[in-house]
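Beneath this line is the structure, given in structure tokens, with notes to follow.
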Amino acid sequence: MYIGAMADNHPTYRLGPDFNDKLDQFVDKFICDGYECFAGEFARIEGFVEAACCDQSKRDDHDLRRTPKEKYLLEMVSYRIYDRLNREEFNKRKNTLIVMPDCLSLHNPDCERVERDYGTFCKRCLPTCQAYGISEVAKKYGAKCVFSKRSLDKQIEHFSKKMPDLSVVGVACIMMLAGGMRTAAEVSVPARGVLLNFTGCEHWNDQAFASEFTLASLEAILKEKYGGQS
């Protein structure tokens, strides 16, 4: 009787006897529908993973390169859900930090960026570089931008102390963006994000080249928050 009373007093969810079956059916349909919907975008993943699994070299990024196709789908959807959940709080925060990946500037061997303890800063040395474009958009809306560091939690904590009431926009690949948004949440900073259109860094290519993203997507996030700027 005590157990039944407790079961009837659940505060949020309560698993039914057929929960696992329903969950498996949902996941199977989610994966099937996702692969069908994003067939064009995901066309090369399986071939890449197969080759990565056969690679017996001494690289230190085998686990990342062997990420299964299912996780690409999971992290892509996770990013979008986090982006929606964080949107309202993001727009309330006064300050914005844009965190961008190093791979945006790989086409520029003469990059003049300046490295500091908590991030590397773009010096806008090459107008055709997308990091330059981000810097210009950041200036337009009064935001700050920095290249990401491996210790993202410490980087965000540092800037949240310097820029109270902070929010973050991350620009990253599918494998990094949702994780970065989770990291920001752990230090109480709401984050939104923009996906790279493709990855050019050394983890995925024998010869690294500059990645690319849609700058208009970043500006749309800032315009929604701050309004149109002259």
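Bear in mind that the values in this text are calculations on the coordinates, not laboratory data. Treat the numbers as computed from the prediction; the structure is a model and nothing was measured. Cβ: placed from backbone, ideal geometry, glycine included. Neighbour counts: every protein chain shown.
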Suppose every K and R has +1 on its Cβ and every D and E has -1 on its Cβ; what is the size of the dipole of the stretch 80-226 about the Cα centre, in Debye to the nearest 20?
640 debye
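When Lys and Arg each count +1 and Asp and Glu each count -1, what net charge do the other residues less than 11 Å away from Tyr82, Cβ to Cβ, add up to?
Numbers: positive: Arg80, Arg84, Arg87, Arg182, Arg192; negative: Glu75, Asp83.
Net charge around Tyr82: +3.
May I ask you to derive the relative contact order of the chain, considering only C-alpha pairs under 8 Å and at least 6 residues apart, and to give it as an integer percent?
On the way: 302 pairs, mean separation 46.2, N = 230.
Relative CO of the chain lands at 20 percent.
Please report the projected area of the stretch 100-230's Cα convex hull averaged over all directions, in nm². Working shown, then result.
On the way: hull surface 31.6 nm².
Mean shadow area of the hull around the Cα atoms is 7.9 nm².
Among the trypsin sites (Lys or Arg not before Pro) within the stretch 140-230, which fall in a DSSP loop and have no more than 11 other Cβ atoms within 10 Å of their own Cβ?
Numbers: sites: Lys140, Lys144, Lys149, Arg150, Lys154, Lys161, Lys162, Arg182, Arg192, Lys223, Lys225; in loops: Lys149, Arg150.
Filter output for the stretch 140-230: Arg150.
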Farthest toward the dipole's positive end in the stretch 80-226, which of Cys201, Met176, Val189, given Cβ charges of +1 (Lys, Arg) and -1 (Asp, Glu) about the Cα centre?
Val189
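Rounded to the nearest 20 Debye, what is the dipole magnitude of the stretch 15-66 about its Cα centre when Lys and Arg each give +1 and Asp and Glu each give -1 at the C-beta? Intermediate results must be reported in sequence, preceding the final value.
Numbers: 7 positive and 13 negative charges, 50 e Å.
With only Lys, Arg, Asp and Glu charged at Cβ, the dipole is about 240 debye.
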Gyration tensor (alpha-carbon) shape descriptor, the stretch 15-66, a/c threshold 1.5:
oblate
Hull-based mean projected area of the chain, where the convex hull spans the alpha carbons, in square nanometres
17.3 nm²
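Can you pull out the GluC sites (Glu not before Pro) in the stretch 98-175 whose DSSP state is coil and whose Cβ has at most 16 other Cβ atoms within 10 Å?
Qualifying residues, ordered by number: Glu112.
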Summed side-chain charge close to Pro68 - residues other than Pro68 whose Cβ falls under 13 Å, Lys, Arg +1, Asp, Glu -1
-1
So how far, in whole Å, is the C-alpha centre of the stretch 178-202 from the one of the stretch 115-156?
14 Å
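Would you work out the relative contact order for the stretch 1-100, in percent, from Cα pairs under 8 angstrom that are 6 or more residues apart? Could you put the intermediate results ahead of the total?
Numbers: 21 pairs, mean separation 20.5, N = 100.
Computed value for the stretch 1-100: 20 percent relative contact order.
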Need one word for the stretch 24-114: rounded, prolate or oblate. Basis is the Cα gyration tensor (sqrt eigenvalues a ≥ b ≥ c); a/c below 1.5 gives rounded, then a/b vs b/c decides.
oblate
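Could you tell me what % of all Cα pairs in the stretch 178-230 have separations over 16 Å? Intermediate results must be reported in sequence, preceding the final value.
Details: 834 of 1378 pairs.
That fraction is 61 percent.
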